[in-house]
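Computed from the coordinates by the stated procedures, all read-outs in this text should not be read as laboratory data. In this text the structure is predicted, and so the values were computed from the model without any measurement. Glycine also receives a Cβ, built like all others from the backbone with ideal geometry; neighbour counts cover every protein chain displayed.
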Amino acid sequence: MIPTHELTGMILAGGEGRRMGGRDKGLEPFAGLPLVGHVVKRLKDQVAELLINANRNADAYQFFADRVIADQVMDDEEGGFKGPLMGIYSGLRAAKTPWLLVTPCDSPALPDDLVARMVEGIASEHGEHDIAVAFDGERLHPVVALIRTSLADDLAATLAEGERKIDRWYARHDWCRVDMSDCPDAFANLNTEEEKLHLEATLLNTSAKEVR
């Protein structure tokens, strides 16, 4: 099992939020907290350090993380929004531990025991796989992943080749699925205002029923 001191958590909040009107999704209000705050609660105290990958509003995100990191700038490239694979690379470079647990900023209902389940799921009878990806019983969630930070150089070379698809990079390595089929709704991610309002109403409704 991977001990806490060997594990860095990182929340991906570096996107443009195009379908949210260009707003910074991680800072969108949701059930009394910014979206990123809900994800922080799933990782806090279960990792040695918590990073947020953000390309704007770093001061606002600093309140929620030990460090805020922007996307790395590769040779001959300008800064800006380059997609989640670049965010993952930036986290692999920034982490000071052997393992990086990645989550998105717009999945506020992630399981409370996500860290423990990902750590358990990456183990095999021959040791650990290099990458573990959450699987909800129907589909993979590639931005919910546990990754060896020693893969940073390989990912740098992959990005330099122009690759931006996360699943294609994973396929080059020893990866596994982590079964989360008992809670598929926990991986709902919010891309639009309508999706945000719908999930917020659903969760508030569920909480009210539990109180009763």
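General observations
- Computed lengthening from residue 123 to residue 165, 0.36 nm per intervening residue step minus Cα-Cα distance: 12.6 nm
- Using the Cβ-Cβ distance between residue 93 and residue 192 with R0 set to 35 Å, the FRET efficiency from 1/(1 + (r/R0)^6) comes to roughly 0.65.
- By other beta-carbon atoms within 10 Å, ranking 38, 126, 198 with the fewest at the front produces 126, 198, 38.
- Restricting attention to the chain, close to 40% of DSSP beta bridges with both partner residues there are antiparallel.
- Of the GluC sites (Glu not before Pro) in segment 101-150, those whose Cβ has at most 12 other Cβ within 10 Å and which sit in DSSP loop: 125, 138
- Ranked list, fewest to most other Cβ atoms within 10 Å of each Cβ, for 180, 10: 180, 10
- The label-point distance for residue 70 and residue 1, in a model that sets each label 7 Å from Cα toward Cβ, rounds to 4.0 nm.
- Computed on the chain, with alpha-carbon pairs under 8 angstrom and 6+ residues apart, the relative contact order is 23 percent.
- Extension gain for residue 113-residue 177 works out to 21.4 nm (0.36 nm per residue, less the C-alpha to C-alpha distance).
- Of the beta bridges in segment 96-206, as assigned by DSSP with both residues counted there, near 70 percent are antiparallel.
- Proximity of backbone amide H atoms, modeled 1.01 Å from N, is registered between residue 49 and 9 at under 5 Å, excluding neighbours fewer than 5 places apart on the same chain.
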